[in-house]
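The values are calculated or read from the model by the stated rules, or taken from the named source; none is laboratory data. Keep in mind that this is a model prediction, so the values were computed, not measured. Quick reminder, even Gly has a Cβ in these numbers, built from the backbone with ideal geometry, and neighbours come from all protein chains shown.
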Amino acid sequence: TLPTPAVATLTRSLRADLGVMITASHNPFEDNGIKLFGPDGMKLNDDAELQIESLMERDPSDDLAQPRNLGRAKRIDDAQARYLEIAKATFPRELRLSDLRIVVDCANGSAYKVAPTALWELGAEVIPMNVKPDGFNINDGCGAVMPQLMAKEVVRERADLGIAFDGDADRLIICDEKGQIVDGDQLLGLIAGEWNQKGRLKKKSVVSTVMSNLGLEHYLESQKLKLDRTKVGDRYVLERMRKTGANIGGEQSGHLILSDFSTTGDGLIAALQVLEILVRGGKRASEACRVFEPIPQILKNVRVARGSDPLSTPKVKAAIAKADKQLNGEGRILVRASGTEPVIRIMAEGDRDVIEDIIDTIAEVILAEV
């Protein structure tokens, strides 16, 4: 079993024409889909994926190639070991994790072997969780989508920190020794600040999405750095990074793209960069990992009928405009359709009492329009 970033990395290193990952990402196994990577290890763009989808919808009896004409399959038995060495090589050889006791929640997913092994080989005492995948229990109340489980184990085991991956290990969430959750925004700020001090941060810029907390933006501004926002999705973050030359990007959800090392979000490599900062600084996770105070943020999901488009209705547009005016520049409101399920996501930042009312009002208007 390989993590998604391992497929991306090996597609490039093996000089393959295409990388294919069958995964539900952070979702239940029923949602399995296909992630595709080009020869450069990058996710295919939207246009290329649409072309492939149109081919898949065609009658196979048409002019599509027959399986017997497509060449041969060859198993690469050391694929996991190759990726393990590539990931470990991003951690400085002069450093060890010998003094760290780390809880690792692998979500019964693709990192169940490679992540604990990497940390152990670098010297850490590893307490693995959810490392018995059966094909059905992946992301089931565990991993990066449910980091509270890891946090409880960290406190119970008196560990130094916890690391939770999602099912395909392209994202991570961390918690400190007190069991406090550290999300992708905080990790972006932590790594960007450290790399900026060392002259490693390119373009004085960090790429993230419209979902990232305003607190991150304010923190980066205090460091004379820029937060460059894109629409939601790690592929859009990477596209912007390639366009601008930035070398750090990611999402609040824990996708961290460090283009010095990898062509996609890589939970294990990102974790190793955080651990390097902790070891070099000699600080506990609770002292180092919260680099800014987040502005109160509330996210509400409103389930709608598949195919419906309530965001285009005048009443919903008016409700959003009114909410924006109500915030008066002291917060943000973002309403968008999910790209993976029939859900409208409403996110607001600002004074908690104000944004609670705003979100409830917009949700009611949306429900009335579907």
| field | Members of segment 100-113 found to be in contact with a strand residue (DSSP E or B) (Cβ under 9 Å, 6 or more places away or on another chain) and either surrounded by fewer than 18 Cβ atoms within 10 Å (Cβ to Cβ) or without any contact (Cβ under 8 Å) to a residue 24 or more places away in the chain (or both), listed by number | value | R101
| Considering P116, P147, P67, P92, which residue is in the same structural domain as S259 (by the TED database), loosely packed, with under 14 Cβ neighbours inside 10 Å and on the phi < 0 side of the Ramachandran plot? | P92
| query | Within segment 256-301, restricting attention to residues that are in contact with a Pro (Cβ under 8 Å, 6 or more places away or on another chain) and among the aliphatic types (A, V, I, L, M), which residue is nearest to W120 (Cα to Cα)? | reply | L268
| note | Within segment 331-368, residues assigned to a strand (DSSP E or B) and not charged (D, E, K, R) come out as I333, L334, V335, A337, V343, I344, I346, M347, A348
| task | Within segment 256-267, identify whether any single residue is within 30 Å of E49 (Cα to Cα), part of a helix (DSSP H, G or I) and touching a Leu at 6+ places or on another chain (Cβ under 8 Å), and answer yes or no. | result | yes
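Starting from residues that are of a type in the set (D, E) and modelled with pLDDT of 95 or more, keep the ones in segment 234-271 and report whichever is farthest from A8 (Cα to Cα).
Filtering first and then ranking leaves E251.
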| What pairs can you find where one residue is in segment 160-172 and in contact (Cβ under 8 Å) with a residue 12 or more places away in the chain and not assigned by the TED database to the domain that holds P133, the other is among the small types (G, A, S) and part of a loop (DSSP other than H, G, I, E, B), and their Cβ atoms are less than 8 Å apart, with a gap of 6+ or different chains? | none
| query | without any contact (Cβ under 8 Å) to a residue 40 or more places away in the chain and either buried (at least 19 other Cβ atoms within 10 Å of the Cβ) or closer than 27 Å to A107 by Cβ (or both) - does that describe any residue in segment 259-266? | reply | yes
| Within segment 289-299, can you find the residues that are buried (at least 19 other Cβ atoms within 10 Å of the Cβ) and either at positive phi or outside any loop (DSSP other than H, G, I, E, B) (or both)? | Q297
| query | Out of I191, I173, which single residue is assigned to a helix (DSSP H, G or I) and crowded, with 20+ Cβ neighbours inside 10 Å? | reply | I191
